[in-house]
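I have placed the structure first, in the form of structure tokens, so that the comments after it can refer back to it.
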2 protein chains.
Amino acid sequence: MLDNLEKFCNLKRDIAEINIDPLQRAGILTPEARAALLEWGDGYSVCDFCAGRLDLIKTPPIEEFVHGVLPEFLGTDEVRVTHGAREGKFAAMHALCEKGDFVVMDGNAHYTTVLAAERAGLKIEYASSSKEPDYAISAEGYIQAIERAYEQKGNVSLAVLTYPDGNYGNLPDARAIADAAHDYSVPLLLNGAYAIGRMPVNARDLGADIIVGSGHKSMAASGPVGVLGATEEYAKAIFRLSSTKKNKEVELLGCTVRGAPLLTLMASFPAVVERVRHWPEEVEKARWFSAEMEKLGMSQQGERPHNHDLMFFLAENLYQISLTAKKGRYFLYRDLKERGICGIKPGLTRQFKLSTYGLAREELEKVLQAFGEIIESHRPA
Amino acid sequence: MLDNLEKFCNLKRDIAEINIDPLQRAGILTPEARAALLEWGDGYSVCDFCAGRLDLIKTPPIEEFVHGVLPEFLGTDEVRVTHGAREGKFAAMHALCEKGDFVVMDGNAHYTTVLAAERAGLKIEYASSSKEPDYAISAEGYIQAIERAYEQKGNVSLAVLTYPDGNYGNLPDARAIADAAHDYSVPLLLNGAYAIGRMPVNARDLGADIIVGSGHKSMAASGPVGVLGATEEYAKAIFRLSSTKKNKEVELLGCTVRGAPLLTLMASFPAVVERVRHWPEEVEKARWFSAEMEKLGMSQQGERPHNHDLMFFLAENLYQISLTAKKGRYFLYRDLKERGICGIKPGLTRQFKLSTYGLAREELEKVLQAFGEIIESHRPA
């Protein structure tokens, strides 16, 4: 087993020219981040001049980035770098909730929110979404979920809102949900893994007490890396210091991203700030793309008009094709790949999600043309 | 604050030609790992063909690496990839111990072991080390620590051994300590952050039930990335599946290193396996270096003859110089840097650690010559 290892040495990615995977669209590195990877690639390189804590390192200027720039960018008091959004959610739950407490979350929550709660020993009540095709999340749903937890004599110590969710790309009224949670003295954690780095997000304006984002998902960073922000009130508990190890933050195990991913987050950051300013154009592009897909016989689910680049489509026509096509349900993956497009999971036809983020109109026209050709080419003679 | 961000774009490392930092010596990337960084740098790139779980991805061949190669390399039943040794320790403690339990660890334990225990709500009893200059850890110390916990009516659910420790580079008799712990039905976690990837380590042979290693510290990987292995008995709990999210491992929050660091670990792995075979030469080199340093008036602490490249020195002569030198205690850092050497923390003179790992004799001779020159140049006229 340990004798034939060369195969691990020179692995190449096999992806198409245009990648419409929502998970990957906003994680593509800037040229600056690629350069940072090489410059800081060696293990523990960021620790060259560390005096004991990652977020306080001055060379490179991590302290300024973490304590100056990120709190302003996120609109919150304190920020730390994490391994990703899920690790940030767990840290917050682990610090703020007691085992057996309830956490309330939207019915569209990412699976990692559920896992974080399970790992922290928490019970879950869901604020259920409305029915198809909207799958909308409302403040009323949170109120009902909190009330249900109370009926079980539960202690609700946290509410989580996925903003937007990773299935439909819906952006619920976070402010209203925060107000509802606050009426019950429950803090709100905003999961902005698909928002922060793509669109303007300000935790303060949205009423979020805690906020998490993902570097590799939406901030043009090489993962795993993320951000975790909190108001002063909650930062105290989440970033509490060790009782025995001076200056070390317990919930972060001292330091989190002690390597190159953090430097890629920093290197891409100016470009990320700039692209966030162009968010209205991204929304407009997504809406146009959605309308064109519907002309081809597919149906966009979730909010309409849509407010995010992540979109979910029902495609009964593609499903019908899959019933008789060569390779069956894998035909769509193959036919798109032949046309230089990837990012829809192999095997999916009847429903799938995609993202238009950061793609030029011409590229999206190529995607639309591909769908059109594929549908046409499989039309019964 | 968000207007002057260009400074984060093009940050350069400022390090000397020869880096003797124990934290960094074995984390320097191979050329293959550097290529992997660029190939797989984009966020979530390893997830191109994921069916839901990181460790089961076939393209790239992560499944074969994690389920085939790593268990053999570590001599254990089940392995997963983590964000690093500390995250592996916390996962094991969180999965195997109840809040309020005792964990027993060596007095030389890394601060992150203490933080992991604190985060998991555990009490600590230390197996104290012998006095200077050895700082040796013994099975007897573990027995006493367990007995002390019992006297407090505590439940001891885990023992941790640092192998070697990060201060003195001591390699205790792990087998004897494992046997002692097992006599009390306490599993042993071996923290091999400074061993795995440098020297031969086989969990089974050493009697370790759980083992953690660090990719960025000792496996020529770009961090953060690490390995967590366990025998079948303990793997069941540590890698338990979610009760609601199919196939997702709770303690890992589904997936851990969903990015390039894992591919660097894989790309460097053949070279790592090869260098482990040359460990006896590394030990010999360390012993020779230690003897030469002592000829210059410094005194190596910890095991003698030494069995690891990480060494701790007392340098009363350098301390005396610092009392009158220009720049005071920073003179050593400056004088070494001028001679192309870095890796001893700025400000340290009286005691410091360093590593000879992977350095050629000629490079180490340059280091010795530098120490000699520095001592000579500060000799009172």
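The values are calculated or read from the model by the stated rules, or taken from the named source; none is laboratory data. All figures in this text were calculated on a predicted structure; none of them were measured in a lab. Using ideal geometry, Cβ is built from the backbone for each residue, glycine included, and neighbour counts are taken over all protein chains shown.
Checking the stated criteria, B:Leu262 turns out to be in contact (Cβ under 8 Å) with a residue 40 or more places away in the chain and either within 14 Å of chain A (Cβ to nearest Cβ) or in contact with a helix residue (DSSP H, G or I) (Cβ under 9 Å, 6 or more places away or on another chain) (or both). So is A:Asp106 touching a Pro at 6+ places or on another chain (Cβ under 8 Å) and closer than 30 Å to A:Ser299 by Cβ or not? Against the criterion (touching a Pro at 6+ places or on another chain (Cβ under 8 Å) and closer than 30 Å to A:Ser299 by Cβ), A:Asp106 qualifies. Looking only at region B:202-215, count every residue that is in contact (Cβ under 8 Å) with a residue 40 or more places away in the chain and either surrounded by 24 or more Cβ atoms within 10 Å (Cβ to Cβ) or closer than 15 Å to B:Lys89 by Cβ (or both) and tell me the total. Going through region B:202-215 one residue at a time, the tally reaches 8. Is there a residue being touching a Pro at 6+ places or on another chain (Cβ under 6 Å) and either of a type in the set (A, V, I, L, M) or at pLDDT below 95 (or both) anywhere in region A:276-289? The answer is yes; a qualifying residue exists. Might you check whether a residue that is polar (S, T, N, Q) and buried (at least 20 other Cβ atoms within 10 Å of the Cβ) occurs anywhere in region A:297-310? Looking through region A:297-310, at least one residue is polar (S, T, N, Q) and buried (at least 20 other Cβ atoms within 10 Å of the Cβ).
Residues in region A:139-170 that are touching a Gly at 6+ places or on another chain (Cβ under 8 Å) and free of Cβ contacts under 8 Å to residues at least 24 places away in the same chain: 0 in all. Taking the numbered list (1) part of a helix (DSSP H, G or I); (2) in contact with a helix residue (DSSP H, G or I) (Cβ under 7 Å, 6 or more places away or on another chain) in turn, A:His306 passes all entries but (1).
Residues in region A:309-347 that are part of a helix (DSSP H, G or I), of a type in the set (A, V, I, L, M, F, W, C) and within 19 Å of B:Cys50 (Cα to Cα): A:Phe331, A:Leu332, A:Leu336. Given the structure, is A:Ser268 assigned by TED's automatic domain parsing to the domain that holds A:Val69, out of contact with any Lys or Arg (no Cβ under 9 Å at 6 or more places or on another chain), over 24 Å from A:Ser45 (Cβ atoms) and of a type in the set (Ser, Thr, Tyr)? No, not satisfied.
For region A:3-19, which residues satisfy the criterion of being farther than 15 Å from B:Ser45 by Cβ and surrounded by 13 or more Cβ atoms within 10 Å (Cβ to Cβ)? Result: A:Leu5, A:Lys7, A:Phe8, A:Cys9, A:Ile18. For region A:331-350, the condition of being among the basic types (Lys, Arg) and more than 17 Å from A:Asn19 (Cα to Cα) holds for at least one residue. Taking the criterion of being modelled with pLDDT under 95, basic (Lys, Arg) and farther than 18 Å from A:Leu310 by Cβ, the only residue of region A:343-381 that qualifies is A:Arg379. Output the residues belonging to region A:195-251 that are charged (D, E, K, R), touching a Gly at 6+ places or on another chain (Cβ under 7 Å) and within 14 Å of another protein chain (Cβ to nearest Cβ). Passing the criteria: A:Lys217, A:Lys248.
No other residue among B:Ser222, B:Ser268, B:Ser218 is more than 30 Å from A:Val114 (Cα to Cα), in contact with a Ser or Thr (Cβ under 9 Å, 6 or more places away or on another chain) and among the hydroxyl-bearing types (Ser, Thr, Tyr) apart from B:Ser268. Of the residues making up region A:331-343, those that are within 14 Å of A:Ile321 (Cβ to Cβ) and touching a residue at least 60 places away in the same chain (Cβ under 8 Å) number 1. The set of residues in region A:370-381 that are over 16 Å from A:Ala16 (Cα atoms) and assigned to a helix (DSSP H, G or I) comprises A:Gly372, A:Glu373, A:Ile374, A:Ile375, A:Glu376, A:Ser377. Checking each residue in region B:86-108 for being part of a loop (DSSP other than H, G, I, E, B), touching a residue at least 40 places away in the same chain (Cβ under 8 Å) and within 11 Å of chain A (Cβ to nearest Cβ) picks out only B:Glu98.
Can you give me the number of residues within region B:145-169 that are part of a helix (DSSP H, G or I) and loosely packed, with under 15 Cβ neighbours inside 10 Å? Qualifying residue count, region B:145-169: 3.
Checked against (1) among the charged types (D, E, K, R); (2) touching a residue at least 12 places away in the same chain (Cβ under 8 Å); (3) under 21 Å from B:Ala91 (Cα atoms); (4) surrounded by fewer than 24 Cβ atoms within 10 Å (Cβ to Cβ), B:Asp173 passes all but condition (3). Within the span defined as region A:109-119, every residue fails to be closer than 30 Å to A:Pro270 by Cβ, more than 13 Å from chain B (Cβ to nearest Cβ) and not hydroxyl-bearing (Ser, Thr, Tyr).
Of the numbered criteria (1) surrounded by 19 or more Cβ atoms within 10 Å (Cβ to Cβ); (2) among the charged types (D, E, K, R); (3) at the interface with chain B (Cβ under 9 Å from one of its Cβ atoms), the one A:Glu282 fails is (3).
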